[in-house]
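Input: a single structure, listed below in structure tokens.
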Amino acid sequence: MITLPLTSVLLTATPLTATHLTAGSLIGIWVSIFLTLAIFSFLYEDNPIYKLAEHIFLGISIAIGATEIYYGVFKPNLIDKLAEGRLLSIIPLILLVMLLLKMTKKFDYMAKVPIAFIVAAFAGVKLTGEANANLMTQVAQSMPNLPEVYREHGIWSWDADGAGVFSSIFLVLGLCACLLHFYFSAKQTKSMAVVSKIGIIVLMLSFGASFGYTVMGRISLAIGRAQELLGLDKPPIDVTITSGGDPINRMSLVRMISFGTLILVIVFLAVWQKRRTQSEE
Amino acid sequence: MYQLLKRFQSMDRRWVFLGMALAIVIPTLYPVHFPTKVDERVQSLYDRIDQLEAGDTVFVSADFDPASRPELEPFFRANLHHMFSRDVNIVIGSLWPFAPPLVTPMIEDLATQHGGVYGEDYAFLGFKLGNELAIKMIGDDILKAFPVDSRENVTADLPIMSGIRQAQDFELIVSVSAGFPGTREYVLQIQGQYDLEIASSTTAVSTPDYVPFYKAGQLFGLAGGMPGSAHYEQLVYRDYPVEGVRMMATQALDVLNLGHLYIIILIVFGNIAFFLTREVEE
Amino acid sequence: MKRTVPLIISFIVGVVMVGEFFIPHYRYRAVTSELLEWGLILAAGAFILGLVNLIQVNLPVVMQKKEDWGYKLVMIITLVVTLGIGLYSGTGRQDDGQNYKWLFDYMFVPLNATMFALLAFYIASAAFRAFRARNLEATLLLAAAILVMLARVPIGEAIPVIGDYLPKVMNWIMDVPNIAGRRAIFIGAALGAVSTGLRVILGLERSHLGGE
Amino acid sequence: MKKFLTAILFLFTTAFPSTGFASTVTDLSVESPKNSDGLTLHISWDLSDEGEPADAVRVVRSSDGQSWEFTGDIIAIADDAEYTISDRLDEPGTWSYKVVLLNTDSPDEVGALLEVSRSSGEASGTPVGAWFNAQTGHLSLLGLILLVGWLMLHYTKRAMSGEEIYIRKMPGIEAIEEGIGRATEMGKPVLYVPGIDDLQDIQTIASMLILGQISKTIAEYQADLIVSCCIPIVREVADEVVRAGFYQAGHPDAFDPTSVRFISSEQFAFCAGTNGIIHREKPATNIYFGRFFAESLILAETGYVNRSIQIAGTAEATQLPFFIAACDYTLIGEELFAVSAYLSRDPRLVSSLKASDIIKVACVVAMLVGTVLASLGNDILINLFSISG
């Protein structure tokens, strides 16, 4: 175990000369911290600042999605091509208009054509992809050559994370049991119930692994937020707020803003809570 | 005792939240570093990319958004660094609408560090909606899927795209995937059809889902979650800490310790309380 | 007519798309990539529908000053302003100093990321209050979960004696039972996709066209 | 001494730079690969160690035999190397190829290179595109699809002719009805979330089918229903499905058009919006059927805090542990599809279920037999299931 001093672990980048923080960026940093804490305030209770942040989020996410979709799809794949005079691109335009007629009462049946088109396109594309990668390949990869496995790893090899004949057989039989657990069109006999039970056990081990990994993923994301609130998301630089003013460490500045905003949010929640209890009485 | 356990069980969950917050903030402020062994799946990813030759062209699909950034940004950066420093040409595309504004600064940042020339050493084709359909199109005809790049240059005219028309014309594909659509859809739609070499960097959540693909040879490498990114960082930047680079995943991995312990303790204590009180009730 | 045309289109498009896997000829691929492009455009069109629908739902709430109308107003204003700035800024919208970039960096990023980060807290609470070793299955699930959590962080490897074996056992769980379980689910999902796909193509599945 | 030797060696190597390998191009061949798109040619050649020395080679091509252009990268000459490139063409037709020998100081102009006749002889080829990829794996995939189709149609016919195809009853089905009953007693709504994926996803389709049946039951019980959608098209369809359900139950007037809502197509905005519904409207029963991602836990947790009865079903393996943890009843994977078939008794669904059951048993048999065969050194079954690109 190596304990590194805080500065060397977190502040690895070479400090640059102080950069000027524009008013826009400064306000941005505050807004970003405020919105972060506003969402976190939901953990206390559903409250007005959370709702405010939530609705800003609803609005901004749809707007950014729409903007990116415009520049990512409509413009290059439709508008530009029409502007070049590509006649074939009139067909998707017509289909698009038909889809948008969905919003009218009178012609909404027209939308069935583009919907049929897109659903069938997805269905056709997924059909071969799933059958190939998720069925054929997985079955093909579940037929181990046991003597070869034995030559390579023996019955059980710690060095190879437990690979070996035991694990190979476990994999094949476990997979068979799981598949038979999902066999619905027969009454369950006693022997089938046993197989099904084995299948469930294997599935539960699999879900357990999933659970462990998911916990890790979620905590990782919270760490990301903590790094930003504590000013550890950017290289350590000195910034000036007013031109010609004294340089201040960006990390300290962010921490000051975070702390101040946290107090603000807590005070707000306390006042809001008090008022609510009063009005209930 | 029973009363105490009962109260412990019905404790306001906001105390649990507060504990979680402390379990994250404290080690972030005062980190303790433990060395780790590099995962075999990450090693094979690294080795394959390390074998690329100067002039090879790789397609990177950046399919993540701000929400999954902590896990994937470190990999994305280290991966670009790795390939730029080997003079590999990098073509980047995305299937997530929120990716372009997020990844553009990262790409530019790394390109500037390595003196990459846009259009020759790297290019960002932008975002394409349509999930499986878009992936199928990348397999069929990438120039048709992305007629222009993110800077509105005609994609076919970019020097980096000469000789490239389909996914199989790339040396390999790196899918940096935060979920749907992502690695899984690449594997399903085009990996088998064209026998492509695909590597995946993914969130912890998707990792158990992608392990069968790795074991079946459908992926040649898999960097799962924060440890995956941290291991890759450690392979790319051999020494820790590195001057001028923030190894964000490696830092975060040290914070994860306490977070995991906290959850384990919660599960164990929650269950003990549950069983003790249940016995009394019965 | 209103019913037959969509069904014919479903059939043709579906069959052409299935054929894409089996027919590598470039002339055929020219057709499929064209159809795929139309698919992309329609998928984008569906997004416009959502946008309009959102305004259709929320505007009356604001007009009639129903509950939470203030928030809905904030939402509509944010939407309109962001969209306006985004469309106005053009290709350079992601450059430094652009308003669109500001909105994305300082508003969308923290909101999106924090929403996700809430999950860490909910998992803690679920772990404490909901995850119970009620029976054999749940016990196995929990045991596997704890083992994976411990082995996946550096501190697990640092535990004396068992620290060496923890990652190995975890990898075994990932490589053997996990794969067995996943493959069963994958195979089932693939069969589902094949049968549903065939139903859509053959016109037996019409729920997406509004029932029978 | 060592230093001195190194210096000598250094002088020697710089004074007489490497002159490359003596090389002559032999056996230049141009072939159209099998099962290709008709715009690809494979060019291969050998180098014999005679003639003038060179460092590298590069391929030039021409569609008319007149004007030549480079294609592909510069390839360094090495011992024992095999030279093959796959060339992508812009248009079909007959293409001629030459291999040009390069020295590091060679001019970069195609014409100049050809003039100094440092190029090989010509070889030409015409790409032939395949109209059907007839490799074993592709054939067995096609066979599999046709088999599933045939089984489906076969059992549909049998089901239509009145034959009862058995599906075992799953415990989840009773849970749904109980949940609706509870909501009616409490006078609170039932919240139905059909996942967050597109309509094309089979889980969403199954969810819509179940929603049709559930809305019928809800209309009969005269309970309230809220459907919270993440995808606009899903909302449209859910709207019609619920409307039809209320109509079939004989209560078309009870249908409230605002009950089927589009929240947002952004995952977390959707999640926040649906959370809001759970917090503000406090449904008695929450049903989550469909494809879920990260939002599953937040929704299930919020529902748990609000003491709703929760029933979940998804085929999304990553989210199942949380549903199992926080919900009262969870349908795992395909059980979701089985429930939709059981509830609707739709011959088409029942037949698909039957068809996939048969294929599953076939897979089990194939894997067991395949393992035995593979262990005996026979890879026939593995090859049957393998597709190479």
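Looking across the range C:197-212, the residues that are in a helix (DSSP H, G or I) and either open to solvent by less than 10 Å² (accessible area, probe 1.4 Å) or facing another protein chain (nearest Cβ under 7 Å) (or both) come down to C:G197, C:L198, C:R199, C:V200, C:I201, C:S207, C:H208, C:L209. Screening D:L349 against (1) open to solvent by 50 Å² or more (accessible area, probe 1.4 Å); (2) more than 9 Å from chain A (Cβ to nearest Cβ); (3) more than 20 Å from A:M204 (Cβ to Cβ) leaves a single unmet condition, (1).
Which one of A:A111, A:A120, A:A63 is open to solvent by less than 40 Å² (accessible area, probe 1.4 Å) and at pLDDT below 90?
Details: A:A120 fails: at pLDDT below 90; A:A63 fails: at pLDDT below 90.
Testing whether each residue is open to solvent by less than 40 Å² (accessible area, probe 1.4 Å) and at pLDDT below 90 leaves just A:A111.
Only a single criterion out of (1) facing another protein chain (nearest Cβ under 7 Å); (2) in contact with a helix residue (DSSP H, G or I) (Cβ under 7 Å, 6 or more places away or on another chain) is not satisfied by A:H181, namely (1).
Among what's in the range D:260-298 and is hydroxyl-bearing (S, T, Y) and open to solvent by less than 10 Å² (accessible area, probe 1.4 Å), pick the residue that is nearest to the chain's Cα centre (by Cα).
Residues of the range D:260-298 that are hydroxyl-bearing (S, T, Y), as a first pass: D:264-265, D:274, D:285, D:288, D:296.
Adding the requirement that they be open to solvent by less than 10 Å² (accessible area, probe 1.4 Å) leaves D:264, D:274, D:285, D:288, D:296.
Values: D:S264: 25, D:T274: 29, D:T285: 34, D:Y288: 24, D:S296: 23 Å.
This residue is D:S296.
Among the listed residues B:L80, B:L72, B:L95, identify the single one that is within 11 Å of chain A (Cβ to nearest Cβ), modelled with pLDDT of 90 or more, more than 30 Å from B:I264 (Cα to Cα) and under 17 Å from the mean Cα position of the chain (by Cα). Selected residue: B:L95, the only one of B:L80, B:L72, B:L95 that is within 11 Å of chain A (Cβ to nearest Cβ), modelled with pLDDT of 90 or more, more than 30 Å from B:I264 (Cα to Cα) and under 17 Å from the mean Cα position of the chain (by Cα).
Looking at the range A:109-132, I want the residues that are over 16 Å from B:Q193 (Cβ atoms) and have a partner that is among the charged types (D, E, K, R) with Cβ atoms under 6 Å, at least 6 apart or on another chain. Which pairs are those? Close Cβ pairs satisfying both conditions: A:Y109/C:K2; A:A111/A:K102. Of the set (1) out of contact with any Leu (no Cβ under 8 Å at 6 or more places or on another chain); (2) in contact (Cβ under 8 Å) with a residue 24 or more places away in the chain; (3) open to solvent by 10 Å² or more (accessible area, probe 1.4 Å), all apply to D:F323 but (3). Residues in the range C:93-109 that are within 20 Å of A:I69 (Cβ to Cβ), within 7 Å of chain A (Cβ to nearest Cβ) and either aromatic (F, W, Y) or in contact (Cβ under 8 Å) with a residue 12 or more places away in the chain (or both): C:L103, C:F104, C:F108.
For the range A:133-158, give me the residue count where each residue is under 34 Å from the mean Cα position of the chain (by Cα) and not in a helix (DSSP H, G or I).
Start the filter on the range A:133-158 by keeping residues that are under 34 Å from the mean Cα position of the chain (by Cα), which leaves A:133-142.
The next check asks that each one be not in a helix (DSSP H, G or I); those that pass are A:141-142.
Adding up the residues that qualify gives 2.
The helices (runs of 4 or more DSSP H) found entirely in the range D:250-326 that carry 3 or more residues being within 25 Å of C:L51 (Cβ to Cβ) are D:267-281, D:295-305. When you scan the range A:133-143, do you find a residue that is open to solvent by less than 10 Å² (accessible area, probe 1.4 Å) and over 30 Å from D:V361 (Cβ atoms), even just one? No, because not a single residue in the range A:133-143 is open to solvent by less than 10 Å² (accessible area, probe 1.4 Å) and over 30 Å from D:V361 (Cβ atoms). Annotation: of all residues in the range C:148-166 being facing chain A (nearest Cβ under 8 Å) and of a type outside the set (V, I, T), the one that is most open to solvent (accessible area, probe 1.4 Å) is C:Y165. Scanning the range D:33-66 for residues that are small (G, A, S) and under 25 Å from D:D79 (Cα atoms) yields D:S44, D:S48, D:G51, D:A54, D:A56. Kindly indicate the residue of the range D:279-298 that is in contact (Cβ under 8 Å) with a residue 12 or more places away in the chain and facing another protein chain (nearest Cβ under 10 Å) and also nearest to D:R182 (Cα to Cα) among those meeting that condition. That would be D:H279.
If you check A:L95, A:L82, which single one turns out to be more than 10 Å from chain C (Cβ to nearest Cβ), of a type outside the set (V, I, T) and in a helix (DSSP H, G or I)? Walk me through it before giving the result.
Working: A:L95 fails: more than 10 Å from chain C (Cβ to nearest Cβ).
After applying the criteria, what remains is A:L82.
Return the only residue of C:A138, C:A144 being buried (at least 17 other Cβ atoms within 10 Å of the Cβ), more than 7 Å from chain A (Cβ to nearest Cβ), without any contact (Cβ under 8 Å) to a residue 60 or more places away in the chain and farther than 30 Å from A:E68 by Cα. None of the others qualify; the one that does is C:A138. Just one of (1) at the interface with another protein chain (Cβ under 7 Å from one of its Cβ atoms); (2) free of Cβ contacts under 8 Å to residues at least 24 places away in the same chain; (3) small (G, A, S) fails for A:S142. It is (2). Filtered by the rule that a residue be touching a Leu at 6+ places or on another chain (Cβ under 9 Å) and either open to solvent by 50 Å² or more (accessible area, probe 1.4 Å) or free of Cβ contacts under 8 Å to residues at least 24 places away in the same chain (or both), the range B:269-282 gives B:N271, B:I272, B:L276, B:V280. Of all residues assigned to the range B:191-198, none qualifies as being more than 14 Å from chain D (Cβ to nearest Cβ), open to solvent by 10 Å² or more (accessible area, probe 1.4 Å) and over 19 Å from B:S68 (Cβ atoms). Of the residues in the range A:195-213, none is free of Cβ contacts under 8 Å to residues at least 60 places away in the same chain, more than 7 Å from chain C (Cβ to nearest Cβ) and not in a helix (DSSP H, G or I).
Somewhere in the range C:21-38, is a residue facing another protein chain (nearest Cβ under 7 Å) and in contact (Cβ under 8 Å) with a residue 40 or more places away in the chain? The answer is no; no qualifying residue exists. For D:G162, the stated conditions hold: it is surrounded by fewer than 16 Cβ atoms within 10 Å (Cβ to Cβ) and on the phi > 0 side of the Ramachandran plot.
So that you can scan it fast, the table gives a plain yes or no per residue for (1) touching a strand residue (DSSP E or B) at 6+ places or on another chain (Cβ under 9 Å); (2) within 24 Å of D:T318 (Cβ to Cβ):
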| residue | (1), (2) |
| --- | --- |
| D:I196 | yes, yes |
| D:L209 | no, yes |
| D:G212 | no, no |
| D:C230 | yes, yes |
| D:A254 | no, no |
| D:S264 | no, yes |
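Within the range A:255-268, identify whether any single residue is touching a helix residue (DSSP H, G or I) at 6+ places or on another chain (Cβ under 7 Å), crowded, with 24+ Cβ neighbours inside 10 Å and modelled with pLDDT of 90 or more, and answer yes or no. Checked against the condition, which is being touching a helix residue (DSSP H, G or I) at 6+ places or on another chain (Cβ under 7 Å), crowded, with 24+ Cβ neighbours inside 10 Å and modelled with pLDDT of 90 or more, the range A:255-268 yields no hits at all. Taken over the range A:32-57, the criterion of being in a helix (DSSP H, G or I), open to solvent by less than 10 Å² (accessible area, probe 1.4 Å) and either facing another protein chain (nearest Cβ under 7 Å) or touching a Ser or Thr at 6+ places or on another chain (Cβ under 8 Å) (or both) is satisfied by A:S32, A:I33, A:L35, A:T36, A:I39, A:Y50, A:A53, A:E54, A:H55, A:F57. Within the range B:143-164, the only residue that satisfies the criterion of being more than 16 Å from B:K128 (Cβ to Cβ) and of a type in the set (D, E, K, R) is B:D157.
The values are calculated or read from the model by the stated rules, or taken from the named source; none is laboratory data. The shown structure was predicted, so the numbers you read here are calculated from the model rather than taken from an experiment. Reconstructed Cβ throughout: ideal geometry from the backbone, glycine too, with neighbour counts over all protein chains shown. Remember, those area values only see protein heavy atoms, side chains included, never the ligands or the DNA or RNA. Shrake-Rupley method; radii C 1.70, N 1.55, O 1.52, S 1.80 Å.
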